[in-house]
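Chemist: The structure under discussion is supplied below as structure tokens; questions concerning it will follow.
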Amino acid sequence: MARFCTNCGAEIHGNGHFCTKCGAPVAGGTGGTYPAPQSTLNKTDQAFFDMVKNDYFSYEGRLNRKPYFLRSLIIIAIAVALYILLFMDSESLADTMSIPIWLAVVVSDAMLSIRRLHDLDKSGYLYLLTLIPGVNSVFGIYLLVAPGTPGDNQYGPDPLRVQD
């Protein structure tokens with residue numbers, strides 16, 4: 001029977017004394033005989049959450065103008081729809097939920113902008129310019145209209161290049 005780590009549920013191969021995934025000691029090198037934990041999400045749901053995480057909450061890689069604009073519109077539309085639904089339903093619910101919605105919008109906007117800056121071959125730290133009143137509007141327009149650097153740059157391959 002397969003052995004599993006009692007801490008994280010990873011399968012233990014051989015007679016190891018430590019889990020290779022989490023590093024937890026395995027008592028006597030035997031480990032537990034618990035079944036591996038199963039995900040409660042089906043493959044379609046997992047793929048959707050992975051896509052959202054990679055498209056909206058990742059700062060790695062590059063993002064050209066069109067996806068940046070479209071994803072920003074989606075974020076704004078979702079935020080506005082949620083605010084409208086929450087304020088129509090209950091004022092107390094709106095007060096409770098406004099902070100997580102605001103944080104998700106700000107974080108996803110920051111990640112999209114950082115990836116857009118990477119497409120321009122600039123550091124993501126330039127996103128801090130959005131904290132300066134007046135500069136943030138000009139900066140936002142710059143991100144929307146400036147063409148990315150052609151070809152590969154230090155942040156990754158050209159997103160417009162056709163993959164073979």
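Chemist: In contact (Cβ under 8 Å) with a residue 60 or more places away in the chain and loosely packed, with under 14 Cβ neighbours inside 10 Å - does that describe any residue in region 75-91?
Modeler: Taking region 75-91 first, the residues in contact (Cβ under 8 Å) with a residue 60 or more places away in the chain are none.
No, that holds for no residue.
Chemist: If you don't mind, another one. Determine which member of the set 144, 129 is over 16 Å from residue 62 (Cα atoms) and either surrounded by 10 or more Cβ atoms within 10 Å (Cβ to Cβ) or without any contact (Cβ under 8 Å) to a residue 40 or more places away in the chain (or both).
Modeler: Working: 144 fails: over 16 Å from residue 62 (Cα atoms).
Unique residue meeting the criteria: 129.
Chemist: Determine, yes or no, whether residue 123 is more than 30 Å from residue 12 (Cβ to Cβ) and modelled with pLDDT under 80.
Modeler: Working: more than 30 Å from residue 12 (Cβ to Cβ): yes; modelled with pLDDT under 80: no.
No.
Chemist: Sticking with this one: Only one of 58, 92 is among the small types (Gly, Ala, Ser), in the same structural domain as residue 123 (by TED's automatic domain parsing) and at pLDDT 70 or above; which? Walk me through it before giving the result.
Modeler: Working: 92 fails: at pLDDT 70 or above.
One residue alone meets the criteria, 58.
Chemist: Next question. Given the structure, is residue 105 in a helix (DSSP H, G or I), under 25 Å from residue 147 (Cα atoms), among the β-branched types (Val, Ile, Thr) and modelled with pLDDT under 85?
Modeler: Details: in a helix (DSSP H, G or I): yes; under 25 Å from residue 147 (Cα atoms): yes; among the β-branched types (Val, Ile, Thr): yes; modelled with pLDDT under 85: no.
Taking the combined requirement at face value, the residue does not satisfy it.
The values are calculated or read from the model by the stated rules, or taken from the named source; none is laboratory data. Keep in mind that what you see is a predicted model, and the values were worked out from it rather than measured. Glycine gets a Cβ as well: all are built from the backbone with ideal geometry, and neighbour counts include every protein chain shown.
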